[in-house]
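We did not get these values from a lab; they are worked out from the coordinates using the rules stated. Everything numeric here is computed off the predicted structure, so don't read it as measured data. Here Cβ is always computed from backbone atoms with ideal geometry, including for glycine, and neighbour counts include all displayed protein chains.
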Amino acid sequence: MKKIFLLAAILVLILTAAFNSVNAASAQAEERVIVLFKDKIDKDLIANNGGKINRELRNLPAISISVPSVALQGLSRNPNIELIEKDSIVKVEGQVSDWGIDDVKAPVAWNSGYTGTGVKIAVVDTGISLSHSDLSVAGGASFVAYTNSYNDDNGHGTHVSGIIGARNNDIGTIGVAPDSDLYAVKVLDSSGSGYLSDVIAGIDWAITNQMDIINLSLGSTTDSPTLHQAVDKAYNNGTLVVAAAGNSGLINGNGDTVEYPAKYDSAIAVAAVDSSNNRASFSSTGPKVEVSAPGVSIYSTYLNNGYTKLSGTSMATPYTTGILALLKQQNPALTNIELRDKLDQNVVDLGATGRDTLTGYGLIQAQAQPLESNKTVLSVTTDKDAYLKGETVTVEATVKDSNLNALNGATVNLTITSPNGSQTNTVQTTDSSGAVVFNIATNKKTKTGTYKINVQSSLSGYSSSNATMEYTIN
């Protein structure tokens, strides 16, 4: 009996020790979360709760941390914290031709001299192959834990980048905006997945580095308030955000299956169509779908200096980014909101009339000539109508856009035709007020009579304009 009691006591001790060990392990289990503060990031608060900071943002008071599970409840009650959310995994929008280039009418813009020159595009993805002879990478950053290089080790980001900006160099293929500036922002790993906080950090980098367009060929079915704030911040700072609608659509096209971040109002959600301009069977649907673009069997750049065909809204998204780059070059004075409106207006309506849940406003299209809003308004005046020999003739020319905003850096060519038909030419560049002033000296040898003034203005992305007037020398 004594022996049985002893065995029972030992068993109780073993079970108690095991239970305590499980509790201790549970207490030490860590979770990776994103903490959004109301005002400033409090690093001491995180450290005092046993947390480790994985990522800190510049444009939002948010950090990604790894913290013991038991500390989360206390942190969530802290009055300085707005919210805590899981740092979930984000993946490329599935890999489910060059035919798309003609489908969106990109050559029409090229023939008018628009190739995306000077437009800065952040490709937030798996990186870009830095050795590909059909791609030129202007810069970038890596936010994955295992490398500081933004070289692509998956292929997805390289394929996306080729659709946007493969060079017009007589090899391989050509992108929609072949002269745009591509920036590789690596947030996804070699398997095409990554932490939500890394994606947010990539958007944060794009804001800091003043990108014109952010391409997000990725998505998640989970809404994230912090991601939402980051996309809103970029858009409010003047950046266009283009995102894949998703590849989770039903064959019959029913339901709201658009993923995040495409579902946010500040992002342009892009659906995919095939070479017959029918909605791709996989393309997500819903009221947030804004436009559609080629997304089936798209031929583009890939790893090892190669090329391949891929399908998905991941491919449709860079087509839209490329068209926006052409629009940006054509319309340098327009805001991101105005450019977005132009994108939505210049489409081929597909399916139901007007905006629908399958293809949005319709198939995106490039534009040939500068838009009406890109015409310049040129005025010319003299300080008086008639002059005596020896007086200085002052001619002022002012260049504005169609909204009467001053245009800085416009070239103004002044031609003066004298009474005997001889001409003199002078060229100046407008200042920040859109004005140039020409001072023309006269002397006793200056011929009397009527002088004709002809002024012509020119500025990249704008149509030229002319103005004329006369003055008299007595």
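For a Förster distance of 51 Å, can you work out the FRET efficiency between the beta-carbons of Asn408 and Arg77, rounded to the nearest 0.05?
Values: r = 53 Å, r/R0 = 1.04.
The value I calculate is 0.45.
Put one equal scatterer on each alpha carbon of the stretch 375-473, apply the Debye formula with no solvent term, and list log10 I(q)/I(0) at q = 0.12, 0.21, 0.22 1/Å to two decimals.
Values returned for q = 0.12, 0.21, 0.22 Å⁻¹ are -0.38, -0.98, -1.05.
What Rg and what Dmax come out for the stretch 404-456 when only alpha-carbon atoms are used, in angstroms?
Expressed in Å, the Cα Rg and Dmax of the stretch 404-456 come to 13.4, 41.
For the pairs Lys91/Lys120; Lys38/Lys263; Lys328/Lys400; Lys263/Lys309; Lys105/Lys342; Lys389/Lys452, flag any whose C-alpha to C-alpha distance is greater than 20 Å.
Values: Lys91/Lys120 24 Å; Lys38/Lys263 24 Å; Lys328/Lys400 18 Å; Lys263/Lys309 27 Å; Lys105/Lys342 15 Å; Lys389/Lys452 17 Å.
Check vs 20 Å cut-off fails for Lys91/Lys120; Lys38/Lys263; Lys263/Lys309.
So for the stretch 90-372, Kirkwood radius off the Cα pairs, Stokes-Einstein at 10 °C and 1.306 mPa s: how many µm² s⁻¹? Please list the in-between numbers first.
On the way: Rh = 17.7 Å.
Diffusion coefficient, whole number: 89 µm²/s.
Using only the C-alpha atoms of the chain, find the volume of their convex hull and express it per residue in Å³. Each step should come with its number before you reach the end.
Details: hull volume 98.3 nm³, N = 474.
Dividing the Cα hull volume of the chain by its residues yields 207 Å³.
Quickly rank 107-115, 446-454 as a protection proxy: mean count of other C-beta atoms within 10 Å, highest first.
On the way: 107-115: 18.3, 446-454: 15.4.
Sorting 107-115, 446-454 by mean packing, highest first, produces 107-115, 446-454.
What fraction of the DSSP beta bridges in the stretch 376-474 is antiparallel, stated in percent and rounded to the nearest 5? It would help to have the intermediate numbers written out before the result.
Values: 38 of 40 bridges.
That works out to approximately 95 percent antiparallel.
How much of the calculated P(r) for the stretch 298-356 lies past 14 Å, in percent of all Cα pairs?
Numbers: 1151 of 1711 pairs.
When every Cα pair of the stretch 298-356 is considered, 67 percent fall beyond 14 Å.
So how compact is the stretch 19-87: Cα radius of gyration and Dmax in angstrom?
12.4, 45
Given C-alpha coordinates of the stretch 199-283, what is the ratio Rg to Rh with the Kirkwood estimate of Rh? Don't jump to the answer; show the numbers that get you there.
On the way: Rg = 13.7 Å, Rh = 13.4 Å.
Result for the stretch 199-283 is an Rg/Rh of 1.02.
Which three extents, in whole angstrom, do the alpha-carbon atoms of the stretch 211-357 cover along their principal axes, largest first?
Over the stretch 211-357, Cα extents along the principal axes are 38, 38, 33 Å.
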